[in-house]
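Just below is one structure, and these are the notes that go with it.
Values quoted throughout were computed directly from the atomic coordinates according to the rules given, and no laboratory measurement underlies them. All values reported here derive from a predicted model rather than from experimental measurement. Positions of Cβ are generated from backbone atoms using ideal geometry, with glycine treated the same way; all protein chains shown enter the neighbour counts.
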Amino acid sequence: MQVSVESIGKLERRMQVQVPAERVSQEIAARLKNISRTARLNGFRPGKAPLKVIRQQFGSQIHREVIGELLQSSYAEAVTQKQLAPAGSPRIEPQSMEEGSDLRYTATFEVFPELALQPMESLEVDRVTAEVTESDIDAMIERLRKQQMKYSTVNRAAANGDKATVDFEGAIDGVAFAGGKGENIAIVLGEGRMLPELEQGLIGAAPGEKRSVTVNFPSDYRAAELAGKAAIFATEVKSVEEPVLPEIDEEFCKAFGVSEGGLAKLREDVAANMRRELEQALRNRNKAVVMEKLYAANPTDVPNVLIEGQIRDMQVEAMRRAGTKDAAQAPPREPFIEPARRRVALGLLLNDVIRKENLVVDRARVNERLDEMVSAYGDAGAMKRAYMQNAEAMRQVESLALEDQAVDWILEHAKVHEVKSTFKELMNFEG
């Protein structure tokens, strides 16, 4: 078999392959002989038809089958012979397929780039660290109290943070407008769910009090017919309720699944959950920094076929988030080009680290990753079992765990500068 290869781009190759006619003929003859042993043809006993008749009857079909299979098998042999690593399926253009002639074709394809990673010791990485403090736990307990907050009716003027139940009707130039009327509407003053001027105008109003409140709709208001206009709302406060935080007692703890151990056990559970979330946030943040440094330090040519595949995956994921399977509603590909290129390049770079350093999947890391992924579900145990019974899902978990191992290896060898942060900063948490 004759094979020649030429580069027609940084990663694109054109390969000429010529399979000797003798090999094609031998394969055809072998198959015809096999058929002749069992073929049933009119006028002949089973397996007794002459080979010439068999060839007349089945020759064209067998020729097509052999050519199709030889295109695949000879291509695989050729890339192995030339020590090439195709990045995707080839575009094959037959040049000669006539029976009795050499099989000749051209295969065009892209190859994986040859990587030469910069020494990891040259990477400078800021690794963020943080811990959960007692004051962080206090703040989280206080947030849990606010989640269980109730309101109690009071006979006084409404203040910021109170819940006022009101009737209102708005008018522009004395004319009521659609959507401007409400009855028995509960508004938590200062929460920002209603127009700010309306909420502000109700502060200080007592139950039974009527007020006219002027509201200026912003120029970019969602209802175009109201945007930029001033309206006067006639309001009447029906009742005022003040917020009441619950006591941290046995009932409060039970509301968060703690039936025994009281506040101490609740704090323990809350702290464990906070540390788990913090660990995940730190890993994601530091991983992103490592990826950015690795990508910047190792400019890499990326096969277009891999970029296109990644773009399609990202489009499908966007459609899934949007809740549609209609291909006509797929987002345009252009915004995904650079993110796809970056994702593919980083995949190649990390795989090179994994290969050169002989990193293998750590089963404990896989189990940790899986526990983390299912922790958000109500029945984490059932979800974990479902994952473990799905081979494809487990391969994805293993891939993530191995990727984390590669990032950890890079951090072990890079120039790392520790940067201290806090739980509140990393989690954007306000108590």
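Listing for the model above:
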read-out	value
Gain on full stretching of the segment that runs from residue 115 to residue 256 - 0.36 nm per residue minus C-alpha separation	45.6 nm
Alpha carbon centroid spacing (whole Å) that separates the range 299-327 from the range 343-374	21
Interchain or long-range residues, amide H under 5 Å from residue 416's placed H	125
Within the range 150-244: Cβ-based charge dipole about Cα centre, in debye rounded to nearest 20 (Lys, Arg +1; Asp, Glu -1)	120
Mean Cα-pair separation over length for the chain, i.e. relative contact order, pairs under 8 Å, 6 or more apart, %	17
Nitroxide proxy distance, nm - points 7 Å out along Cα→Cβ at residue 249 and residue 263	1.3
Spin-label proximity, residue 210 to the range 225-261 - amide N less than 18 Å from point 7 Å beyond Cα toward beta carbon	232-239
Among 39, 78, 298 the positive-end extreme of the charge dipole of the chain (Cβ point charges)	39
Size of electric dipole in the chain: Cβ of Lys, Arg +1 and of Asp, Glu -1, about Cα centre, debye, nearest 20	2660
Helix-only mean residue ellipticity at 222 nm for the chain, each DSSP H run of n ≥ 4 adding -39500 (n - 2.57), per residue, nearest 500	-15000 deg cm²/dmol
Distance (nanometres) between label positions extended 7 Å along Cα→Cβ at residue 51 and residue 225	8.9
Cβ-Cβ FRET estimate between residue 95 and residue 319, R0 fixed at 41 Å, reported to 0.05	0.50
Selected from 227, 107, 21 as most flexible by GNM, with the chain as the system and alpha-carbon contacts under 10 Å	227
Binned Cα-Cα distance frequencies in the chain - 10 Å width, integer %	4, 12, 14, 16, 17, 14, 9, 6, 5, 3, 1
Among 92, 248, 35: highest mean-square fluctuation, GNM of the chain, C-alpha pairs under 10 Å	35
The range 221-265 residues near the modelled residue 280 label - backbone nitrogen below 14 Å, point 7 Å along Cα→Cβ	none
Gained length - residue 288 relative to residue 173, 0.36 nm times residue gap less alpha-carbon distance	35.9 nm
Model label zone, residue 84; criterion: amide N under 19 Å from point 7 Å along Cα-to-beta-carbon; scope the range 10-36	10-20
Cβ-Cβ FRET estimate between residue 422 and residue 6, R0 fixed at 60 Å, reported to 0.05	0.55
